[in-house]
Amino acid sequence: MARYLDCKEKGEVRIFEDTDELATDLADYVADLSELAVKEKGTFAIALSGGSLIGLMSKLCEAPYDKTVDWGKWHVFWADERVVAKTHPESNYRLAKEGLLSKVPVVPGHLHSINDSLSAEEAADDYKFAVRQLVRTRIVSVSDTSDCPKFDLVLLGLGSDGHVASLFPNHPALDEKDEWVSYLTDSPEPPPERITFTLPVINAAANVAVVATGAGKAKAVHLAVDGPSQTDNFQQPPPARMIQPALGRLVWFLDTSAASKLDSYEVTSE
Ligand SMILES: O=C1O[C@H](COP(=O)(O)O)[C@@H](O)[C@H](O)[C@H]1O
C-alpha cells in the first residue's frame, strides 16, 4: 500500500512497499499526463533520464498502456545524455530505446536524441537549437514565466550523490541561468562528456517526477526533500534540492528503502 506525503515546498512524495508497486503507479502517472497533454495540445513532450528509471518504466510497454497510450503523439527528449555513440552501452538513448521505446509505437521522427557525431559543446548547442525549433512549432509549450520550454513531463533519476540529470554537486552547470542545455567534459561519473538540461528548463516543466529506489539513495532523498542541516556543511544545496518547478507539479516516487531517512513529512493518507 502506497503512502502519500505532501509538502508545499517539496511537492508530493509517494512511497511504495516495493518497486513493482512503484512501477505500476509510475506507469499510471505517465499515462494520465500523456492523455491530458494530448487532449489539451495534441502532443506529449516528455524528457527522459537514464539509469534505473528506464527499468522502472517497463510497465508502460504492457497492457493496458501499450494500447491505451497515444504513442503517436509522444515527442521524446533526454533530460541528460552521455556524448557517446547511440550504440554505446553508456548511451541513455540506447537504454531507453532497448528498454521502452522499441516496444511501443512511438514515431521514430519524434525521438529527439542528440547528434552523437559532435563534441559535447557542439552537441549541447545543437540540442538547444532542436528544442527551440520544436518550441517555435508548439510541439513543446513555452513557459508562462520565462522563454524556457515547458515540457509536459521531465522524468529524473537520482544519484546517490544527489545528482539529477547530469547536474552534479558543486558543478558550474548548476549555476547556469540563461542556457537551456549545458555540456560537461568532466563529469564526476563516467562517461566524462555529457549534455544536460539546466535547472531553468527542468524547473519550467509542467510536471517533474524524481524516481529513486534502494537504500543507497536514502541519504540523497533525505537531503533533497528534508534539506541539509547546518552540520551537513554544504557549499550549495544538493542538485536534487534545487528541483523546484516554478509553476509545475513535483512528485517523488520512492520505495520504502529510498524513503527510509525522510524525517520531515506528516503522513496525510494511506
Ligand atoms: O548518470 C546518470 O545517473 C542518474 C541516476 O542513475 P541511477 O542508475 O542511479 O538511477 C540518471 O538519472 C542520469 O540520467 C544518468 O545520466
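Counting only DSSP beta bridges with both residues in the chain, tell me the antiparallel percent, nearest 5.
Within the chain, antiparallel bridges account for around 45 percent of the total.
Scaled to the compact-protein estimate 2.2 N^0.38 Å, what is the alpha-carbon radius of gyration of the stretch 150-270, rounded to two decimal places?
1.05
Taking 8 Å as the Cα distance limit and 6 or more residues as the minimum spacing, I'd like the relative contact order of the chain as a percentage.
Contact order relative to length: 23 percent.
Translational diffusion coefficient, Stokes-Einstein: compute it for the chain using the Kirkwood radius over C-alpha pairs as Rh, at 20 °C and 1.002 mPa s, and state it as an integer in µm² s⁻¹.
115 µm²/s
Give the dimensionless ratio obtained when the Cα radius of gyration of the stretch 17-72 is divided by 2.2 N^0.38 Å.
This ratio for the stretch 17-72 stands at 1.14.
With N denoting the number of residues in the stretch 75-172, provide Rg(C-alpha) divided by 2.2 N^0.38 Å, to two decimal places.
1.13
Amide H to amide H, which residues 5 or more places from V154 or on other chains are under 5 Å from it, using H placed in the peptide plane?
Under 5 Å from the amide H of V154: A47, N207, V208, A209.
Sequence gap at least 6, Cα distance under 8 Å: using those rules, report the relative contact order of the stretch 87-224 to the nearest whole percent.
24 percent
Length gain on complete extension for the stretch D32 to D144, per 0.36 nm per residue less the alpha carbon to alpha carbon distance?
Full extension of this stretch gives 38.1 nm more.
What number, in percent, do you get for the relative contact order of the stretch 1-104 if the mean sequence gap of Cα pairs under 8 Å and at least 6 apart is divided by its residue count?
Reported as a whole number, the value is 24 percent.
What value, in deg cm²/dmol to 500, does the helix sum -39500 (n - 2.57) over DSSP H runs of n ≥ 4 give at 222 nm once divided by the residues of the chain?
Mean residue ellipticity at 222 nm (helix-derived): -7500 deg cm²/dmol.
Given H placed on each backbone N at 1.01 Å, which residues far from A79 in sequence or on other chains put an amide H within less than 5 Å of it?
Here the answer is L48, S49, since their amide H atoms fall under 5 Å of that of A79.
Report the one residue of T196, G214, L174 whose Cα lies farthest in the direction of the positive end of the charge dipole of the stretch 169-215 (charges on C-beta: Lys and Arg +1, Asp and Glu -1; origin at the Cα centre).
G214
Just so you know, all these numbers are worked out from the coordinates, no wet-lab data involved. What you see is a predicted model; the values in this text were computed from it and never measured. Don't worry about glycine lacking a Cβ; one is built from the backbone with ideal geometry, like all the others, and counts go over all protein chains shown.
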